[in-house]
Structure formats: C-alpha cells, structure tokens
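Chemist: Submitted below is the structure of interest, expressed as structure tokens.
The values are calculated or read from the model by the stated rules, or taken from the named source; none is laboratory data. Just so we're clear, the structure is a prediction, and the values are computed from it rather than from any experiment. Cβ coordinates were reconstructed from backbone atoms using ideal geometry, including for glycine residues, and neighbour counts include every protein chain displayed.
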Amino acid sequence: MDITLSIYALIPFLTILQASVFGSLLVYRGWKEERKSDLWLALLLMLMALSSVPFMLGWLGIDFLWEKLTFLPWDGYELAIPPVIYFFLLSLTNVSYRFERKNLIYFLPYCIYVIYHLLIGIQGNPFAKEWWHSKDVYINPVFDLILLIMQIYLLIKSVRLYLTYRKWVEARYADLEKVSFTWFRNYLYVLTVVVTVQWIFRITDYFLDYNYAEMWWIYLTNTFFTYYLSISGYSQGFIPNLVFPREPVPGDEIMEKISFEEGTAPAKALLNNEELEAWKLKVEKLIEKEAFYLNPDISLPDLAEKMNTNTSVLSYVINKGFNKNFNDFINELRVNLCIQKMKNPAFSHYTLLGIAFSCGFNSKTTFNRAFKKTTGKNPKEYFSGTESCD
C-alpha cells in the first residue's frame, strides 16, 4: 500500500495530535484532582480525534477502512459529540454533578448507528462494500437529520443553562472573575459558528456533490474547535465548591425566581414587611461594624453564615430590601468607598487601582465594570482631572 503525502492530511493530524496531548493531560488532572469536567472534556477530545482518523488515512491513501472495514461506524462519533458537550458544561457549573441513568437516552442515536453498522458487518465484507457504494452518500441522511436535531436541541439547552447560571452567580458572588460566565458565553458563540459552517457545507454538498478534497473546510473547523476546546478547557479555573443546582430548590428564593425548563416559579415571600426591615437593619449595622465587603472572596453563603441565617433569607433581604442582587449590592458598597477615598486627601498618594484593591476589588476589569454600572460613568470620566485606572 503506497502512502501519498498530502497537505490535507495535516488538518486531521493536528486535530488528533492536539486532542491526544490535552486529552491525556485532562485525564491525569481529572483523576488526580477529582475534576469530573476534565474527564468529560477528555472524552469529547477523544471523540473529535477518532472522528478525524478516517479522513487523515484517506488523504494519505490508506484505504483499508473502506476496503476491509467498510461496515465500521467510524462516522457515528458525531452523534455522540453533542451530548458529551452538554454534560461537560453541566459538570463545569456543578462539581457534584453525577451522570444519571436516564441521560443514556441522549446516546441512543449513536448506539442505534453502531448496531445498524454491525448488522451490516456480520453479512460479510463483500456485502458491506456493496452496501456502502449503493448508498452513494457520505453519511446516511436519516442519521444526518438526527444529528442536526440533536445539535439544535442541546445547543438550546446549553443557552438556557448559561442564562440560568449567569443569574445564579450574580445572586451569590461578588467576584465573578473566578466563577465567570464569560467563557461559557464565548464557548456557545464558537460552537454556534462551527456548527453553522459545517452544516452549510453539508447541505450544499447534497446539491453540488463536493469531492473529498473540497470538504476539507469541515475538517478545518473541527481542528479549530479542538484547539479552542482543549486550550480554553484546560486553562479554565476550577472552583471546588461551585454547585449550581439545575432545578428549583424548595425555599430558595433565588432559584424560584429563575426560569427553568418547567417554567418560572413565583418568588416566595419568606418574610413579612416588619421582618424584612429588621433584617435590612441588621445588614446595615454589619456593614458599619465589619465592612465585610472588603473581603474580595465574600459570597452569599459566607455572609449568611456570618449572620446566622440561610442563603434564602439573606437573598430575599438583599433583593427586596435593597432592590439589588448580591453582586450589585457588594460592588456598589465598594465603589462608594472608592469614591470617598479618592476625595480624601489622605489617599492622594494612592493610584485609583490601588484604592480599588483596598476596597475589595481584585481586578481592574471587575472594578471598571462595577464602577460604570454604579455611577453611569467609567472611572476616568468620573474622576476627570485625577488619575484614572489605566
């Protein structure tokens, strides 16, 4: 068998190489540090690598998959990729997430695809080759349609997961850098673009009948997606106690407000007006006494424990009593303190960023964003004539 060197073979080879290296690193870290999200991402990269193997061999002129193992379901890995992506996102936002038996249904199309091809294989290689050529299509249109439906459905579920997670972290954390939802949003953007580009080529292929080489754009998007997934996924921060519940928690005012798959549950009035005012006064007194907002890592559970109550009650007090979520509540206190210090001659030797750090912020980006949200202006505009946070 002669091997033909082709520049096109480099594309799937890079996918396989990147997926293999980072997949191994993720498995090791996931096992050592008990990161379930790393294991899901490693599985995802493995599927990306396996789906690229036939195309690399094809461009190298190694055709034993078509000649000897025609029946193998080497195209079917694409059917397993969408659910693995979704479960990867679930495990990232909830370190205690466990895969449930009922979720096996997401992998049913892939299992059917495998069984279908194995049934062809047991008929013998001559029958399998005749079956392959008689189809005259790259992927069975039925499974193509199933793949499209799965991608759209799970993409919608991922977007809803993102929107819910975003509300949840804003209601519980003052510092969103560590539990940032920016990576989640960017990931959904990249996923949407990749899927759209691939389907443009798939659909036009039905009408224009691309040859093997003309389909290299699809494999290039796979390579790009693999690199993005592996690098961004491996560098993504890990919060050991991050547990985002996907379903409403009874008595949890925040979760009752958030829209889930079943709909939006009404917020439960946990306190009457007198109790609300009393709790609001307790919070204000604690602000004067301890200035807890100066702690860069303060969170709603931390403050609730300090006040000998639960997150449901404290969340209700902040939302109803101060008309803010926890993130805005804490950062507004920090911004107001920054303004006071900037106007105080005793702090004239400080930079604005130095003052921001002394007030509980731990990043320039978070400070600028919070300042603009609180005052309507960025720090440079607000403190015209003074040093800006540059």
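Chemist: Does region 350-367 hold any residues that are touching a Pro at 6+ places or on another chain (Cβ under 7 Å), modelled with pLDDT under 90 and crowded, with 17+ Cβ neighbours inside 10 Å, and which are they?
Modeler: If the condition is that a residue be touching a Pro at 6+ places or on another chain (Cβ under 7 Å), modelled with pLDDT under 90 and crowded, with 17+ Cβ neighbours inside 10 Å, then Leu352 is the only one that fits.
Listed here are the residues, each with its yes/no results for (1) surrounded by 21 or more Cβ atoms within 10 Å (Cβ to Cβ); (2) assigned to a loop (DSSP other than H, G, I, E, B); (3) touching a residue at least 60 places away in the same chain (Cβ under 8 Å); (4) assigned by TED's automatic domain parsing to the domain that holds Lys167.
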{"position": "Trp40", "(1), (2), (3), (4)": "yes, no, no, yes"}
{"position": "Leu79", "(1), (2), (3), (4)": "yes, no, yes, yes"}
{"position": "Val114", "(1), (2), (3), (4)": "no, no, no, yes"}
{"position": "Leu119", "(1), (2), (3), (4)": "no, no, no, yes"}
{"position": "Phe127", "(1), (2), (3), (4)": "no, no, no, yes"}
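Chemist: Separate question: Could you say which residue among Leu45, Leu50 is surrounded by fewer than 21 Cβ atoms within 10 Å (Cβ to Cβ) and assigned to a helix (DSSP H, G or I)? So that I can check it myself, show each step before the final result.
Modeler: Details: Leu45 fails: surrounded by fewer than 21 Cβ atoms within 10 Å (Cβ to Cβ).
Going through Leu45, Leu50 in turn, the sole match is Leu50.
Chemist: Now for a different question. Just the residues that are over 11 Å from Pro82 (Cα atoms), assigned to a helix (DSSP H, G or I) and not β-branched (Val, Ile, Thr), please, taken from region 158-176.
Modeler: Let us first name the residues in region 158-176 that are over 11 Å from Pro82 (Cα atoms), namely 159-176.
Narrowing the set further to residues that are assigned to a helix (DSSP H, G or I) leaves 159-170.
The answer is Arg160, Leu161, Tyr162, Leu163, Tyr165, Arg166, Lys167, Trp168, Glu170.
Chemist: Kindly check whether there is at least one residue in region 98-112 that is in contact with a Leu (Cβ under 9 Å, 6 or more places away or on another chain), part of a loop (DSSP other than H, G, I, E, B), assigned by TED's automatic domain parsing to the domain that holds Ser230 and buried (at least 17 other Cβ atoms within 10 Å of the Cβ).
Modeler: The answer is no, given that none of the residues of region 98-112 is in contact with a Leu (Cβ under 9 Å, 6 or more places away or on another chain), part of a loop (DSSP other than H, G, I, E, B), assigned by TED's automatic domain parsing to the domain that holds Ser230 and buried (at least 17 other Cβ atoms within 10 Å of the Cβ).
Chemist: Further question on the same structure: Of these, Lys320, Lys285, Lys341, Lys280, which one is within 33 Å of the chain's Cα centre (by Cα) and basic (Lys, Arg)?
Modeler: Numbers: Lys285 fails: within 33 Å of the chain's Cα centre (by Cα); Lys341 fails: within 33 Å of the chain's Cα centre (by Cα); Lys280 fails: within 33 Å of the chain's Cα centre (by Cα).
Exactly one of Lys320, Lys285, Lys341, Lys280 is within 33 Å of the chain's Cα centre (by Cα) and basic (Lys, Arg), namely Lys320.
Chemist: Still on this structure: Only residues that are crowded, with 18+ Cβ neighbours inside 10 Å and either within 19 Å of Val159 (Cβ to Cβ) or at pLDDT below 80 (or both): list them for region 220-238, please.
Modeler: Within region 220-238, Phe225, Leu229, Gly233 qualify.
Chemist: How do the pairs read when you match residues in region 13-26 that are within 13 Å of Asn222 (Cβ to Cβ) with residues anywhere that are crowded, with 19+ Cβ neighbours inside 10 Å and among the β-branched types (Val, Ile, Thr), using Cβ under 6 Å and keeping only pairs 6 or more apart or on different chains?
Modeler: Taking only residues 6 or more apart or on different chains, the pairs are Leu14/Thr223; Thr15/Thr223; Thr15/Thr226; Gln18/Thr226; Ala19/Thr226.
Chemist: Let me ask another. Out of all the residues in region 17-38, which are among the aliphatic types (A, V, I, L, M) and either surrounded by fewer than 19 Cβ atoms within 10 Å (Cβ to Cβ) or not assigned by TED's automatic domain parsing to the domain that holds Leu90 (or both)? Don't jump to the end; show me each part of the working.
Modeler: To start, the set of residues in region 17-38 that are among the aliphatic types (A, V, I, L, M) comprises 17, 19, 21, 25-27.
Once the filter is applied, which keeps residues that are among the aliphatic types (A, V, I, L, M) and either surrounded by fewer than 19 Cβ atoms within 10 Å (Cβ to Cβ) or not assigned by TED's automatic domain parsing to the domain that holds Leu90 (or both), region 17-38 yields Leu17, Val21, Leu25, Val27.
Chemist: Of the conditions (1) over 30 Å from Lys157 (Cα atoms); (2) in a helix (DSSP H, G or I), Leu89 clears all except one; give me its number.
Modeler: (1)
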